[in-house]
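Below: one structure, written as structure tokens.
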Amino acid sequence: MKNRFHYSYLASAIAAGLLLCSVGAQAAGELSADQRKTSLYQLADLVASNYVFPDKGAQLASEIRKRADQDAYKEVVSPQAFAERLGKDLQVLSHDKHFRVNFAPEFVPDAKPFQGPSAAEITEIKNDAAMRAFGIGRLERLPGNIGFLEIRGFGPTFSVAKAYEAAMLILSGTDGLILDLRRNHGGSPESVALLMSYFFPEGDNRLINSIYNRPENSTRAFWTQDNLQVRYAGKVAVLTSSDTFSGGEECAYDFQTHQRGVVVGETSGGGANPVAPYSIKNGLVAAIPFGRAVNPVTGTNWEGKGVQPDIRAKAADALPVAYQHLLQQLLEKPRDDEHRDTLKKTLEKARSPQTLFPVYYPG
């Protein structure tokens, strides 16, 4: 399909990277000095016009034009290497990890930016979501009646909604839930809001997050949904790592700021600005952050600083730490003596060095 971005104007940065790589880079010859300069000047104009922070965008554009005039990339002759170098330099100059530049000569921008997907694109997205288990890495019930749900990415809502409902139905009888976002690199904020909806009572309609779009000078609000068959009232712990990024960070930040769960693990990556792809001459495509998240509780977001955990732990240790934390919380108000005894025994086993937890690995 031509452009997976345009099913929503709020695609995540990591999705941009996947998209730009997925269209495939063809072999190409060396870029001439004129081609490099033309590409840099066009990139500068796009950054100045679309980057979410106008003043910073103007500064970046000025630096890009300066490098174009100095032929600062003359030793980088292949378009692939040129694109990679540009992307890294933009991240360093802007301190914004969402910037990407790829060599993608097959990329064709839609005539109408941010339009909905075609029927064929919807089918392709759904098939891709199914192959990736709808972003769900693991789903299980741990001893002590603690649920565990790992989500590695938030796909388009129309492709993942039924999977979320099934997962939450399975976990609905647990007393506590661990949501693992340690390997979550982002996705649709609409799907983040959908998942959050399960964790508030029916009738508790609340604004979860908003995203400001600079090119359109508009703001889109994301609210919890009403039409859900399952609601989860148990205690929640959310796992994060330094690899948790973009939409994964938003989800953790939402749980934290709306006081619905405790965040356990490492400070996340610090990327809150959604992106869109912009075509540049000579087969280059730039993913430029065009918007910013605005949390209704804090009035700001996690850009550049990441989500700060409530309980700090190495990513590899976050699961056992969160598990023991939930068991201890449940022990404060057990249902009866039998339940108290079960929780005590479970917690004792959880603290044993012989207890094996799934090995965490970055990815």
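The values are calculated or read from the model by the stated rules, or taken from the named source; none is laboratory data. Owing to the predicted nature of the structure, the values given are computational and were not obtained by experimental measurement. Positions of Cβ are generated from backbone atoms using ideal geometry, with glycine treated the same way; all protein chains shown enter the neighbour counts. Accessible surface areas use protein heavy atoms only, side chains included; no ligands, DNA or RNA. Shrake-Rupley method; radii C 1.70, N 1.55, O 1.52, S 1.80 Å.
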Angle, helix 33-50 long axis vs. longest principal axis of the chain, Cα atoms, 0 to 90°, nearest 10? 50 degrees
If you take the Cα Rg of the range 145-255 and divide it by 2.2 N^0.38 Å, with N the number of residues, what do you get? 1.05
How long is the gain from residue 55 to residue 316 if the chain were fully straight, where each residue apart is worth 0.36 nm and the alpha carbon distance is subtracted? 90.0 nm
Residue-normalised accessible area of the chain, expressed per residue, 1.4 Å probe, Å²: 45 Å²
Counted charge near residue 331, where neighbours are those whose Cβ lies closer than 9 Å (Asp, Glu -1; Lys, Arg +1): +2
Amide H neighbours of residue 313 at under 5 Å, excluding residues fewer than 5 places away on the same chain, with H built from the backbone geometry, are 265, 266
One would report the Cα pair-distance distribution of the range 263-328, bin width 10 Å, in %, as 19, 30, 26, 17, 7, 1
Restricting things to Cα coordinates, could you compute the convex hull volume per residue of the range 204-312 in Å³? 135 Å³
Cβ-defined net charge surrounding residue 48, 12 Å radius [Lys, Arg +1; Asp, Glu -1]: 0
Taking placed amide H atoms and a strict 5 Å upper bound, the residues 5 or more places from residue 136 or on another chain that come that close are 152
State the percentage of accessible surface on the range 259-318 attributable to carbon and sulfur atoms; use a 1.4 Å probe and exclude ligands, DNA and RNA. 48 percent
How about the range 168-234: which GluC sites (Glu not before Pro) there are in a DSSP loop, with at most 13 other Cβ atoms within 10 Å of their Cβ? 202, 216
Comparing 309, 334, 54 in a Gaussian network model of the chain (Cα, 10 Å), the one with the largest mean-square fluctuation is 334
Relative to the longest principal Cα axis of the chain, at what angle does helix 13-22 sit, 0 to 90 degrees, rounded to 10? 60 degrees
In this structure, the FRET efficiency calculated for residue 62 and residue 172 from their beta-carbon separation, with R0 = 41 Å, to the nearest 0.05, is 0.15
Relative to the chain, whose Cα atoms define the longest principal axis, helix 79-94 and its Cα axis are tilted in degrees, nearest 10, by 60 degrees
Taking the convex hull of the alpha-carbon atoms of the range 160-202 and averaging its shadow over every direction gives an area in square nanometres of 3.6 nm²
For q = 0.22 Å⁻¹, Debye-computed log10 I/I(0) when each Cα of the range 120-187 counts as one equal scatterer: -0.91
Quick check: pseudo-label points 7 Å beyond the Cα along Cα→Cβ at residue 122 and residue 138, how many nm apart are they? 3.6 nm
Stretch gain in nm, segment residue 279-residue 329, where the contour uses 0.36 nm per residue and the Cα spacing is subtracted: 12.8 nm
What FRET efficiency do you get for residue 95 and residue 33 if R0 is 25 Å and r is their Cβ-Cβ distance, rounded to the nearest 0.05? 0.30
Which percent, nearest 5, of DSSP beta bridges in the range 140-227 are antiparallel? 60 percent
